[in-house]
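> One structure, pasted below without further comment.
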Amino acid sequence: MIKYFEICLKEDIMKTYARIIALICAILMLVPCFASCANTQGSEETTANNAQTQVTPEDTTPAVDPNYDKEGFWKDDLADEIDFKGETVTILYWDDVERAEFEITEEEADGDMVKDAIYRRNLATEERMGVTFEWIGTPGDGGDRAAFTSYVRNAYSGGTFYDIIATYSRTAGMLLTNGFIQDLNEIEDSYINVEQPWWPKSMLDTCSIKDSLFFVSGDISTNVLHFMYAVYYNMDMLDDLNLDDPVALVDEKKWTIDALINLSKGLYVDLDQDGTQSDYDQYGFCSTYFHLDAFYTGSDMMLLVPGQDKYLEISEDFFGQKTIDMVDKLGGWFRDGDTYVNTSGGSRNYSVPFEEGLCLFRCDRVYVADTEYHNGALRNVDWEYGILPVPMYDENQTEYITVVGNPFTLWCVMQSAKNPQMSSAVIECMASEGYRKTSPMIFENNMKYRYTPDSAGKGDSARMFDIVRESIAFDLGRIFSDILSFMSEMPSKTAATSSSWASMKAQYDRTLKRSMTE
């Protein structure tokens, strides 16, 4: 039976948040929005490596394609004549963003290639748009989501209206619930062009309902790349155990949950002989429970989907047989004892066995390879590792799917901003400049080359990174998790505790219904 939310659009969203249910209704109806965007250039890839030239037998001089700039990147459609005459653009942002020095603002170049790229992105936007940025930071991550929302509420009540709000993905959902951000599609003569390649195509496919668009992300947020989920593997351990090459399985579209389980079975060894699982034993797989959300999305299942007319519905997948089977399969795997999974965020340090070279596979965000951020990062190890996409549900699935961790930035225009058209121009320009400045630096020169050891990043791992990035997906069920009792974590937490989804789904159904009426 499909469980769904029937949501009615209210004419004045700002009057509705007296009751939480009314707010939820407004949001789930208007939400279509989330950065719907498609790269309609088709085969015209938009990186410098893929800039296209045509050569004819009569003329060996490469033809100049007017759609690309001199660096080989797809051009934006922001006119050179745009000039907001030195106007100050106030940007409220979450200053406790994970990897803050690589995400929002950088005041000067300091020699780090990614930080310098962010500095140049911001400077180029200011110069092209004829504006000056004023950055206002306040905490908004994790437990500060409500505090960030209250900060915006107080500003709004006091007559302070920021031009742009850049915030944690889940906080953006709360801002929309409270009516503090506006529909980008309703901005007169908006400059945001969601068909440009700096806005991921998957956002259109997975997050659109009707015609509204309230927040966007993509190349404008470096954390969209940093927080992609993937599976790392220990190359040396794989060779020592004489196991099948998982890269070949990926290429053959046979890299499935079953394949991962089969490769990791029977590998547990109580190395410290203390009779219990510990950080320094040998395992086939390690992770923490909330990273296991990646398996749900990777299995081509959604949390929320567009319903008929004005409705958002809980996906048929969520309480369906496929989720029951997936949770049971993962739970049985964890019970077998070959995995080291943190089930509650407690003292068990799930990453230690892999970093110590004692675990074959690890599901995590791709930034863990960065030595400047992560304790015991993978670039510090003395053995080779590789990277793989999150496995498919089974071989009937046609594509790998990569979910992005929650700590990425969504960009919004605040209600009553002084010049919404200017705000839209700045957002579009910053995304375009991010596409040509920060993303190539992170992906080509940082992730694919610096973070992968095999053949200076030119081998299988670099190719696997391409697969991971090309398969990014989003889900409104994750964005509106505060409203929906963190439904994205329900299947993964059930699997991590080895419970049955069939026995738990009735309880979760009641929980979701209660969250709509409180």
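The values are calculated or read from the model by the stated rules, or taken from the named source; none is laboratory data. Small disclaimer: the values here were computed from a predicted structure and weren't measured. As a convention, Cβ positions derive from the backbone with ideal geometry for all residues, glycine included, and neighbour counts pool all protein chains shown. Calculation scope for accessible area: heavy atoms of the full protein, side chains included, ligands and nucleic acids excluded. Shrake-Rupley method; radii C 1.70, N 1.55, O 1.52, S 1.80 Å.
> Would you confirm whether any residue within region 263-279 is β-branched (Val, Ile, Thr) and in contact with a Gly (Cβ under 9 Å, 6 or more places away or on another chain)?
no
> Something else: Name the residues in region 467-517 that are open to solvent by 50 Å² or more (accessible area, probe 1.4 Å) and among the basic types (Lys, Arg), would you?
Arg469, Lys493, Lys505, Arg510, Lys513, Arg514, listed by residue number.
> For region 254-268, how many residues meet the condition of being of a type in the set (Lys, Arg) and either open to solvent by less than 10 Å² (accessible area, probe 1.4 Å) or closer than 22 Å to Arg469 by Cβ (or both)?
The qualifying residues number 1.
Condition check ((1) open to solvent by less than 20 Å² (accessible area, probe 1.4 Å); (2) under 20 Å from Asp394 (Cβ atoms); (3) touching a Gly at 6+ places or on another chain (Cβ under 6 Å); (4) part of a loop (DSSP other than H, G, I, E, B)) across all residues:
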{"residue": "Thr297", "(1), (2), (3), (4)": "yes, yes, no, no"}
{"residue": "Asp300", "(1), (2), (3), (4)": "no, yes, no, yes"}
{"residue": "Val305", "(1), (2), (3), (4)": "no, no, no, no"}
{"residue": "Gln308", "(1), (2), (3), (4)": "no, no, no, yes"}
{"residue": "Glu316", "(1), (2), (3), (4)": "no, yes, no, yes"}
{"residue": "Asp325", "(1), (2), (3), (4)": "no, yes, no, no"}
{"residue": "Asp328", "(1), (2), (3), (4)": "no, yes, no, no"}
{"residue": "Trp333", "(1), (2), (3), (4)": "yes, yes, no, no"}
{"residue": "Val341", "(1), (2), (3), (4)": "yes, no, no, no"}
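> Please determine whether any residue of region 96-105 is in contact with a Pro (Cβ under 8 Å, 6 or more places away or on another chain) and either of a type in the set (Ser, Thr, Tyr) or modelled with pLDDT of 80 or more (or both).
Yes, because at least one residue in region 96-105 is in contact with a Pro (Cβ under 8 Å, 6 or more places away or on another chain) and either of a type in the set (Ser, Thr, Tyr) or modelled with pLDDT of 80 or more (or both).
> Sticking with this structure for a sec: What pairs come out if I take residues in region 52-79 that are under 15 Å from Gly434 (Cα atoms) and pair them with residues that are modelled with pLDDT under 85 and exposed (fewer than 11 other Cβ atoms within 10 Å of the Cβ) whose C-beta lies under 9 Å away, six or more apart or interchain?
Taking only residues 6 or more apart or on different chains, the pairs are Gly72/Asn49.
> List every residue pair whose Cβ atoms sit under 6 Å apart, with the two residues 6 or more apart in sequence or on different chains, where the first one lies in region 380-399 and is farther than 17 Å from Lys254 by Cα and the second, anywhere, is open to solvent by less than 30 Å² (accessible area, probe 1.4 Å) and modelled with pLDDT under 90.
Qualifying pairs under 6 Å: Tyr385/Leu378; Gly386/Ser461.
> Here's another thing I want to ask about it. Among the listed residues Gly459, Gly434, identify the single one that is farther than 18 Å from Tyr233 by Cα and not aliphatic (A, V, I, L, M).
Gly434 is the lone residue from the list that is farther than 18 Å from Tyr233 by Cα and not aliphatic (A, V, I, L, M).
> Residues to consider are Glu108, Glu127, Glu134; find the one that is in a loop (DSSP other than H, G, I, E, B), surrounded by fewer than 19 Cβ atoms within 10 Å (Cβ to Cβ) and charged (D, E, K, R).
Values: Glu127 fails: in a loop (DSSP other than H, G, I, E, B); Glu134 fails: in a loop (DSSP other than H, G, I, E, B).
None of the others qualify; the one that does is Glu108.
> Here is a further query. Would you confirm whether or not region 164-183 contains a residue that is over 22 Å from Ile479 (Cβ atoms) and either open to solvent by 20 Å² or more (accessible area, probe 1.4 Å) or in contact (Cβ under 8 Å) with a residue 24 or more places away in the chain (or both)?
No; the residues of region 164-183 include none that is over 22 Å from Ile479 (Cβ atoms) and either open to solvent by 20 Å² or more (accessible area, probe 1.4 Å) or in contact (Cβ under 8 Å) with a residue 24 or more places away in the chain (or both).
> For region 381-420, name all the residues that are in a loop (DSSP other than H, G, I, E, B), farther than 30 Å from Thr167 by Cα and among the small types (Gly, Ala, Ser).
none
> Now a separate question. When you scan region 485-514, how many residues do you find that are under 19 Å from the mean Cα position of the chain (by Cα) and not in a helix (DSSP H, G or I)?
Total satisfying the criteria: 1.
> Further, regarding this structure: For region 254-280, which residues satisfy the criterion of being outside any loop (DSSP other than H, G, I, E, B) and touching a residue at least 60 places away in the same chain (Cβ under 8 Å)?
Correct list: Thr256, Ile257, Asp258, Ala259, Leu260, Ile261, Leu263, Ser264.
> For region 99-115, name all the residues that are in contact with a strand residue (DSSP E or B) (Cβ under 9 Å, 6 or more places away or on another chain) and touching a residue at least 60 places away in the same chain (Cβ under 8 Å).
Within region 99-115, Glu103, Ile104 meet the criteria.
> Return yes when Asp466 is of a type in the set (Asp, Glu), in a helix (DSSP H, G or I) and modelled with pLDDT under 95 and no when it is not. Break it down stepwise before answering.
Values: of a type in the set (Asp, Glu): yes; in a helix (DSSP H, G or I): yes; modelled with pLDDT under 95: yes.
Here the answer is yes, as Asp466 does meet what is asked.
> Next question, about the same structure. Which residues, taken from region 215-253, are touching a helix residue (DSSP H, G or I) at 6+ places or on another chain (Cβ under 8 Å), part of a loop (DSSP other than H, G, I, E, B) and surrounded by fewer than 24 Cβ atoms within 10 Å (Cβ to Cβ)?
Across region 215-253, the qualifying residues are Phe227, Leu243, Asp244, Asp245.
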